[in-house]
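> Before I ask anything, here is the structure I am working with.
Readers should treat all values here as calculations from the given coordinates under stated rules, not as data from a laboratory. Just so it is clear, the structure is predicted and the values come from calculations on it, not from any experiment. Positions of Cβ are generated from backbone atoms using ideal geometry, with glycine treated the same way; all protein chains shown enter the neighbour counts.
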Amino acid sequence: MIIRSEELDEREEALIAVTRDAGELARDFFSKPIEVKLKGKQDYITEADGEVERMIVARLKARFPQDAFLGEEGGNQGSGPALWVIDPIDGTANFAHGIPHFCVSIAFMAGTELALGAIAAPMYGELYRARLGRGAFLNDRAMRVADAGIKQAVVELGWSSRRPVRAYTALVERILATGATFLRAGSGALGLAYVAAGRTHGYCELHINSWDTLAGLLMVREAGGWTNDFLGSDGLTRGNAVLACAPGLKEALVAATGVGQVNEKLERRIS
Ligand code: LIP
């Protein structure tokens, strides 16, 4: 890894503190009337998204001035191998409608390695975190994915207007045809964290952004789960399809979703 273990220790400590505080700031905004806008079809932005992201970047930049940042709202800032990937409020549509299912999600990349991740769900009093090779935790308790037969499986299927409705409804049909059930809760980051915590057995979305997924993907892997190569084909800047699940369900879910198949690169070109 291009960053020494002590340097990663410092960043892990800073990450946990800033994620927790950003969660509290988001919670404060959630409790009062705020300005809400649409930046695309069913794609919301609130004044809280910008404020929370600015707080996170300012805190981390003060501590690690040489690091780079990629945020959902602020885009790219700086360059270099040490990169923070930030979603200030994941599940903004829920947040905008007063639905408490939202979170703050922050990941840290050391070169091409996904090294750290943290997610704060302030309305649930939950803080998720993971470090490459050191496991994944929810409120400091170790997380493990839960395996199940496909006919007992609960698979979350994320949706956005970035892919055709027909592709999503066909995905739902294929998942139901396996005997599994599905849900959609509106936050990709929390959806992945729930797989890591063993609450659900899989998460799939046909296109999602890196700031929504990276922290959750590291948590699933560190909790014993399997994920597709999300960062392949420039997923960091262009987004990608995502599939994460308990290892026993990989074959059935790769077949049903088409995500994670060897010709995934081909699939991207045609979508
Ligand atoms: C959301 C994701 C969700 C996806 C939405 C959106 P946001 O992120 O968490 O999985 O379906 O389209 O991308 O915009 O709330 O940060």
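> Going residue by residue through the stretch 109-120, is there one that turns out to be out of contact with any His (no Cβ under 9 Å at 6 or more places or on another chain), assigned to a loop (DSSP other than H, G, I, E, B) and either within 27 Å of LYS37 (Cα to Cα) or more than 16 Å from the ligand (Cβ to nearest atom) (or both)?
Yes - at least one qualifying residue is present in the stretch 109-120.
> While we're on this one: Quick one: in the stretch 157-171, of everything that is over 12 Å from THR257 (Cβ atoms) and of a type outside the set (Gly, Ala, Ser), which residue is farthest from the ligand (Cβ to nearest atom)?
ARG166
> Return the residue satisfying two criteria in turn: it lies in the stretch 175-191 and is farther than 23 Å from ALA107 by Cβ and crowded, with 16+ Cβ neighbours inside 10 Å, and of such residues it is nearest to the ligand (Cβ to nearest atom).
Among residues in the stretch 175-191 that are farther than 23 Å from ALA107 by Cβ and crowded, with 16+ Cβ neighbours inside 10 Å, the one nearest to the ligand (Cβ to nearest atom) is PHE182.
> If I filter the stretch 192-212 for residues that are more than 25 Å from ALA120 (Cβ to Cβ), of a type outside the set (Ser, Thr, Tyr), more than 10 Å from the ligand (Cβ to nearest atom) and touching a strand residue (DSSP E or B) at 6+ places or on another chain (Cβ under 7 Å), do I get at least one hit?
no
> Mind checking which residues of the stretch 214-241 are buried (at least 22 other Cβ atoms within 10 Å of the Cβ) and in contact (Cβ under 8 Å) with a residue 60 or more places away in the chain?
LEU214, ALA215, GLY216, LEU217, LEU218, MET219, VAL220, GLU222, ALA223, GLY225
> Please go through (1) out of contact with any Cys (no Cβ under 9 Å at 6 or more places or on another chain); (2) surrounded by 21 or more Cβ atoms within 10 Å (Cβ to Cβ); (3) among the small types (Gly, Ala, Ser) for ALA120 and return the number of the only condition it doesn't satisfy.
Among (1) out of contact with any Cys (no Cβ under 9 Å at 6 or more places or on another chain); (2) surrounded by 21 or more Cβ atoms within 10 Å (Cβ to Cβ); (3) among the small types (Gly, Ala, Ser), ALA120 violates only (1).
> Same structure, new question: Any idea which of (1) within 16 Å of the chain's Cα centre (by Cα); (2) assigned to a strand (DSSP E or B); (3) under 25 Å from VAL36 (Cα atoms) is the one PHE137 doesn't satisfy?
Result: PHE137 fails condition (3) only.
> Here's a follow-up. What are the pairs, 6+ residues apart or on separate chains, where a residue within the stretch 144-166 that is over 16 Å from ARG184 (Cβ atoms) has its Cβ under 7 Å from a residue that is within 16 Å of the ligand (Cβ to nearest atom)?
VAL145/VAL195; VAL145/ALA196; VAL145/VAL220
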